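First comes the structure, then the notes that go with it.
The values are calculated or read from the model by the stated rules, or taken from the named source; none is laboratory data. Note that the structure is a prediction, hence the values are computed from the model and not measured. FYI the Cβ positions are ideal-geometry reconstructions off the backbone, even for glycines, and counts take in every protein chain you see. For the accessible areas, the whole protein counts, side chains as well, though only heavy atoms, and no ligand, DNA or RNA atoms are used. Shrake-Rupley method; radii C 1.70, N 1.55, O 1.52, S 1.80 Å.
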Amino acid sequence: MAHPIAEDAPLRTAEPRVSFLNDPVKRGLLVQFVLLVLVVGFFAWIVTNTAENLQRANIASGFGFLDYRAGFDIAQSVVPYSQDASYGYALLVGFINTLVVAVLGVVIASFIGLLVGIGRLSSNWLVRQISTAYVETFRNIPPLLVIFFWYFGVLAVLPQPRDALSLGFGFSLSNRGMFTPRPLFEPAFWVVVAGFAVGIAMTVAFSAWARRKQMRTGQQTRVLPAALALIVGLPLVLFVLAGSPMSLEFPQQTRFNLVGGLQVKPEFIALMLALSIYTAAFIAEIVRAGILAVSHGQTEAAHSLGLRPGPTLRLIVIPQALRVIIPPLTSQYLNLTKNSSLAVAIGYPDLVSVGGTILNQTGQAVEIVIIWMAVYLGISLATSLFMNWFNRRVALVER
């Protein structure tokens, strides 16, 4: 006797069989596997071919050459250096020189870019037109030409050291760079440095406490006077108590030159000014776009509460504009750092310039290029990590 089939029972239908190539998941895995094999095979071919060429040219591979004596001089170095140092230490000197230019350039470019970006939106016609001309001029000139302009067109035509331009307070400028007083530190100066570090730490703690107090009670506490007292006043008091453990050596005028003091080479000045002014033009447009991204109603609301234009820009507009400014600003910081490799055109001993000298002496082209790539990749990743962290710090938190 046949059993009746329930009317509500679902009918089972066999799923259609899909071929391997028509299955999007399996096809995607196959394509990725094939691409991975091709990439690995390509790099394996490059490594094998490079090793064979080096062996055919009787060039030893490896990084052992970094321990050999350099035997060449570096014109400008932040840390002590001599010809008896190793190739590895010479590369370290070039790396430090690159960092010095990049850090100072980022600071100067950010300051100029902020001012010019705000000037582009100024109600003053002259300020607005000057800012626009600055941006449109330097954005459309290659950075190498800007470097040549400052090096050959400005610094090279300055007077000789014996006729150097006096800037006051022991500073003078000539075609050999800028001469400044050199600080001479005594052993007890570490007390002043420690006081400065403690002052910064206490300022950060006080600022955090004032912010929490304002969020809790609505009362504002002035941070600037306390910050000046801790960061400036505390080290000055310790400096006096320690017996003034620092003196200044001023440059002295001789018949043909200036001796003593501290000399800042024209190559460094030209590179730093060129990269800062060139990058500031792009930063100015980023700042302008960030300010325009803030609703005009925010400005009107601030004015209705009695805030003047200055505090409105500083306290209302700029904090909200940062969320738009920071992401593209990171790219400009990276561009400035990578553009510092153009220093080889004017003889500034950065990482690329020092590495090129080592390459010519040793023939270790592959190793030097790998070091260049690894260093600039590390700098870029570190900059991106810091800027991403800062971007999260200033991001608007919705309630």
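Rank these residues by their accessible area, most exposed first, probe 1.4 Å: L313, L236, L329.
Ranking L313, L236, L329 by accessible area, largest first, yields L236, L313, L329.
Taking the dipole about the Cα centre of segment 133-214, with the C-beta of Lys and Arg at +1 and of Asp and Glu at -1, give me whichever of V157, Y134, V198 is farthest to the positive side.
Of the listed residues, the answer is V198.
Return the Rg/Rh value of segment 26-170, two decimal places, where both radii are evaluated on C-alpha atoms and Rh is the Kirkwood radius.
Reported Rg/Rh, Kirkwood definition of Rh: 1.17.
Looking at the chain as a GNM with Cα springs under 10 Å, which of L30, L184, L336 has the largest mean-square fluctuation?
L30
For segment 175-324, which whole percent of the accessible surface, found with a 1.4 angstrom probe, sits on carbon and sulfur atoms?
Carbon and sulfur: 66 percent of the exposed surface of segment 175-324.
Work out Dmax and Rg for the chain from the C-alpha atoms and quote the Rg first, both in angstrom.
30.1, 127
What fraction of the Cα pairs in segment 254-309, stated in percent, has a spacing above 12 angstrom?
78
Please work out how much accessible surface K338 shows to a 1.4 Å probe, ignoring ligands, DNA and RNA, in Å² rounded to 10.
Spelled out: K338, probe radius 1.4 Å, area about 100 Å².
Identify, among I46, G290, I96, the residue whose Cα sits farthest towards the positive end of the charge dipole of the chain, taking +1 on the Cβ of Lys and Arg and -1 on the Cβ of Asp and Glu, with the dipole about the Cα centre.
G290
Only four residue types carry charge here, +1 at the Cβ of Lys and Arg and -1 at the Cβ of Asp and Glu. Report the dipole size of segment 229-347 about the Cα centre in Debye, rounded to the nearest 20.
Charge dipole, segment 229-347, about its Cα centre: 60 debye, nearest 20.
Compute, for the chain, the length of the dipole vector about the Cα centre, with Cβ point charges of +1 (Lys, Arg) and -1 (Asp, Glu) only. Units Debye, rounded to 20.
1160
Could you report the accessible area of E300 in Å², rounded to 10, computed with a 1.4 Å probe on the protein chains as they sit in the structure?
Approximately 110 Å² for this residue.
Can you divide the C-alpha Rg of segment 341-399 by 2.2 N^0.38 Å and report the result to two decimal places?
1.71
Could you name the lysines in cross-link range of K338, using Cα to Cα under 24 Å and dropping any fewer than eight places away on the same chain?
Output for K338: K265.
Quote the accessible area belonging to R120 in square angstrom, nearest 10, computed with a 1.4 Å probe and with ligands, DNA and RNA left uncounted.
Probe radius 1.4 Å; accessible area of R120 about 40 Å².
Could you work out the helix-only [θ] at 222 nm for the chain, with each DSSP H run of four or more residues adding -39,500 (n - 2.57) and the total divided by the number of residues, to the nearest 500 deg cm²/dmol?
Helix contribution divided over all residues of the chain: -19500 deg cm²/dmol.
How high is the relative contact order of the chain, in percent, with contacts defined as C-alpha pairs under 8 Å that are six or more residues apart?
The value is 21 percent.
Considering only protein heavy atoms, with the full assembly of protein chains and a 1.4 angstrom probe, order F250, F148, F256 by accessible area, largest first.
Per-residue accessible area, sorted high to low, gives F256, F250, F148.
If packing is taken as the average number of other Cβ atoms within 10 Å across a peptide's residues, how do 176-183, 163-170 rank, most packed first?
176-183, 163-170
In a Gaussian network model over the chain where Cα atoms closer than 10 Å are linked, find which of T203, T299, T137 has the largest mean-square fluctuation.
Largest GNM mean-square fluctuation: T203.
If you take the charge dipole of the chain about its Cα centre, with +1 on Lys and Arg Cβ and -1 on Asp and Glu Cβ, which of F239, M215, S166 is farthest toward its positive end?
Sorting the options by dipole projection puts first M215.
Using the Cα atoms of segment 170-288, I'd like the radius of gyration and the largest Cα-Cα distance, Dmax, both in angstrom.
So, for segment 170-288, Rg and Dmax equal 21.0, 67 Å respectively.
Roughly to the nearest percent, how much of the accessible area of segment 339-399 is carbon and sulfur, given a 1.4 Å probe?
C and S fraction of accessible area: 64 percent.
What share of Cα pairs, in percent, lie more than 19 angstrom apart in segment 264-370?
Percentage above 19 Å: 62.
Could you tell me how far the Cα centroid of segment 77-140 sits from the Cα centroid of segment 254-281, in Å?
13
Among G119, G195, G260, whose mean-square fluctuation peaks in a Gaussian network model of the chain (Cα, cutoff 10 Å)?
Of G119, G195, G260, the most mobile in the Gaussian network model is G195.
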